[in-house]
Structure formats: structure tokens, C-alpha cells
Amino acid sequence: MAPVSPINSETDQVLVEEKSSIRTLLLNRPKQLNALSSQMVSRLLDLFVAYEKDPAVKLIIVKGKGRAFCAGGDVAAVVRDIHQGNWRLGADYFRKEFTLNYLLATYTKPQVSILNGIVMGGGAGVSIHGRFRVATENSVFAMPETALGLFPDIGASYFLSRLPGFFGEYVGLTGTRLDGAEMLACGLATHYVPSEKLSSLEGELYEAESSDPATISTILRKFSLTPNLKANSAYKRLNVINSCFSRRSVEDIISALEIEAANNNDSWISPAIQSLKKASPMSLKISLRSIREGRLQGVGKCLVREYRMVCHVMRGEMSKDFFEGCRAILLDKDRNPKWQPSKLEEVSNEMVDRYFSKVDDEDWEDLQLLPRSNLPAYAIAKL
């Protein structure tokens, strides 16, 4: 493995700052909202593997340059590769990304992610799996994949299924945006620190030079506060969300929401219904099953299953909604995707089952993840 050294060039997509035993990684594609390119994923994987082996490194801090932490994976580039006739390039991207997610979820050294801005999709994959996630008043979290013809991947079926009640189904199916206060309330963030205090927080972490999670947690708590949820926050309606999003099928969820809307003027219900009706029917059905299965699986099994699913999505055998969603939302930006199948009732259980099966290709293999002894960081994050 090539040696890891400080890099300061503005052309590098991941900048590294070394201060004594602390390594700060800065995602550096601000014009693209730090969307994860294949180069960034490879670089992050190399860095985290090297740091775990290096006894001189005690703590890793991850930040984003500009107004985003990371707005997701660079799926537009993946789609371009597939359109050029090579879905395997897309598979290689997700294989590396999911391997990185698994490494972070089971990492033996503490990671502090500063989520001072947009964190979506792949950005959640390089932060939410880590032990400490710091939200601010600028944080915006979402898993918007069902609007793109995809599904919440990067191990999201693991951490979404572990949010209180059925809040994970709500977040994963509707793609709703959460602010920093909501991230803290539901457990996606472990701490909330006003952005004006971030530099002081980082300064104390540098001074402490500690790999002890309790010491790091003490420092984080010193700068943290518990913000009030907005009056119209959907998280304040968790009992209603649980009632609706615990239903067996997507159709049943929508029906429950419509009944609720007729008897209740809560401001979050109508946007949730609209989001579900605009999303890819196929994506909604595979996403719901994925999150439900995630409740009963470890993070490694979730990622192996999600890798199968994403390979089926890229092959486009059952549905080409991923390409149509990227066209409508990211490329042409007409925001008017034509989904096929176009209705939930046209998506059969057999069609959904195929996304969870092995890919029928002699050169394809499942995601291979080596056993690791450390507990998933997300499960032990609240100290």
C-alpha cells in the first residue's frame, strides 16, 4: 500500500491534515456538493485501512468543504459508465463503497464526522456508521433514493431499521429531509454543536490526542446542546408515523396516511403522501422489504444483500427506473420520470424477490466482507 501523507493540492478530492495523532479528512468537491466519486471512495478506503494499522493514529475527523458534508454518491457517473455498456464499472464502484461502509461500521478507532451541511445517500455511508456524528443548525439529512429509482443503500437498511419505531421506514421511503435537531432526536446524530463552536471543538480534540471514546464523548458533550424540535417536526408525531409506516405493504402505508390526512391537518402528512406517489413503485417496494429485513440482520449481511440489489438495479432487467430517475432528476432535470412499472399494483412479489436473489451471471460474485471482531459503531454510539 502506498504511504499516506499530507496533501494540500486543491485538485485532490480528499485533503488530509495531520496534527500529532489526529487525522482530519476533508471531502473536497465543493462544486459537486462533495459527491463521492470513485476516486474519493478508493482514497478513503486506503486511508482508513492504513490508519487502523498505524499505532500513531488515534482519531479520525471527517468533514466536507463548502455547504455540504457529502450529498451522496456520484451516481450520474455510474449511469454514464452503464450507458457505455459496462454495468460492471458501476458494480465495482458500489463494491468499494460498501466495503468502506463495512470498515467504518466495525472500525476499531473512533471517527468524528462533522455534519455541518448536506448529508445524503453515500454521505451518510461515510458518517452514520461511525461512532460520533455531530450535527449543527446547518445539517440536512435525507435518503432520497426512491425518487431516483434506487433504494436506500450504503447499509441504510441497517441503521434506518434501528431508528425509533418505524421512523426509518418513513425517512427511507419518502426521502424526507431532517434538520440537525431531528437527526439528534432520532439518533442519526450523536451530538449537536452550533457551527460557531466547531473550531473550538476541533481544537480540544487535537489537544486531547485521545483514542478513548469516553474522553472524546466528554469533549463533545462540553460543546453540545439539545435543540428544540420545530413545532411541525414529523418526529413529534412518531405515534402516527408508527401507526402508518408499520403496515405490511406500501399500498397499506399510503392508505393509512390518506385516512390520517382526512382526519388530521398535520403538515407533514400531505408531503409524505405526495413523495410516495411520485417515487418509483419498484423502488418503494424493494426499499420497504430491505428495511424490514435489515431489522433482523447485522450490518455485514445488510451490505451483502444491498450489493445484490444494486447490481440488479444496474442491470435493469426488471426495471430501468434507476436510469430514468437519474435522467429526470440529475441530467435533464425535468423532474418528471416515467416509471416502469408505473403503478404499485403492477409490481408483483415475484419481481421484488428477484432483487434479493443472486445475480445470474457467471462472472458475478457476492460482496465479500472479511469477518471483523469490533461491534458496529452505530449500535454503541450513544455514550
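The values are calculated or read from the model by the stated rules, or taken from the named source; none is laboratory data. Note that the structure is a prediction, hence the values are computed from the model and not measured. Virtual Cβ from ideal backbone geometry, glycine too; neighbours counted across all protein chains shown. In case anyone asks, the SASA skips ligands and DNA or RNA and just uses the protein heavy atoms, side chains included. Shrake-Rupley method; radii C 1.70, N 1.55, O 1.52, S 1.80 Å.
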*Based on what the data block shows, is L303 over 27 Å from T99 (Cα atoms) and among the hydrophobic types (A, V, I, L, M, F, W, C)?*
no
*Is there a residue being closer than 22 Å to V299 by Cβ, of a type outside the set (K, R) and under 21 Å from the mean Cα position of the chain (by Cα) anywhere in the stretch 208-215?*
no
Can you find even one residue in the stretch 247-266 that is at pLDDT 95 or above, open to solvent by 60 Å² or more (accessible area, probe 1.4 Å), in contact with a helix residue (DSSP H, G or I) (Cβ under 6 Å, 6 or more places away or on another chain) and more than 30 Å from V75 (Cα to Cα)?
yes
query: Could you say whether any residue in the stretch 71-92 is aromatic (F, W, Y), at pLDDT 90 or above and either over 18 Å from the mean Cα position of the chain (by Cα) or crowded, with 24+ Cβ neighbours inside 10 Å (or both)?
result: no
Matching residues in the stretch 136-178 (more than 10 Å from the chain's Cα centre (by Cα), under 21 Å from G117 (Cβ atoms) and of a type in the set (A, V, I, L, M, F, W, C)) number 5
Filter the stretch 220-246 for residues that are under 30 Å from I114 (Cα atoms) and free of Cβ contacts under 8 Å to residues at least 24 places away in the same chain; the one that is least open to solvent (accessible area, probe 1.4 Å) is A231
Checked pairs for the stretch 265-284, first part of a helix (DSSP H, G or I), second at pLDDT below 95 and open to solvent by 60 Å² or more (accessible area, probe 1.4 Å), C-beta under 9 Å and 6 or more apart or across chains, list as K278/R335
Scanning the stretch 290-338 residue by residue, those open to solvent by less than 20 Å² (accessible area, probe 1.4 Å) and either among the acidic types (D, E) or assigned to a loop (DSSP other than H, G, I, E, B) (or both) turn out to be E306, G316, S319, D321
Taking the stretch 273-289 and keeping residues surrounded by 24 or more Cβ atoms within 10 Å (Cβ to Cβ) and of a type in the set (S, T, Y) leaves S280, S283, S287
Exception for G172 within (1) surrounded by fewer than 22 Cβ atoms within 10 Å (Cβ to Cβ); (2) closer than 23 Å to S267 by Cβ falls at (1)
Of the residues in the stretch 57-72, those that are assigned to a loop (DSSP other than H, G, I, E, B) and closer than 14 Å to Q111 by Cβ come to V57, K58
Please tell me if R80 is within 28 Å of P341 (Cβ to Cβ), of a type in the set (K, R) and not in a loop (DSSP other than H, G, I, E, B). yes
The one condition V119 fails out of (1) in contact with a Phe, Trp or Tyr (Cβ under 6 Å, 6 or more places away or on another chain); (2) touching a residue at least 60 places away in the same chain (Cβ under 8 Å) is (2)
Taking the stretch 350-370 and keeping only residues that are in a helix (DSSP H, G or I), open to solvent by 100 Å² or more (accessible area, probe 1.4 Å) and more than 14 Å from V310 (Cα to Cα), one is left with E350
By residue number, the members of the stretch 331-353 that are free of Cβ contacts under 8 Å to residues at least 60 places away in the same chain and of a type in the set (S, T, N, Q) are N336, Q340, S348, N349
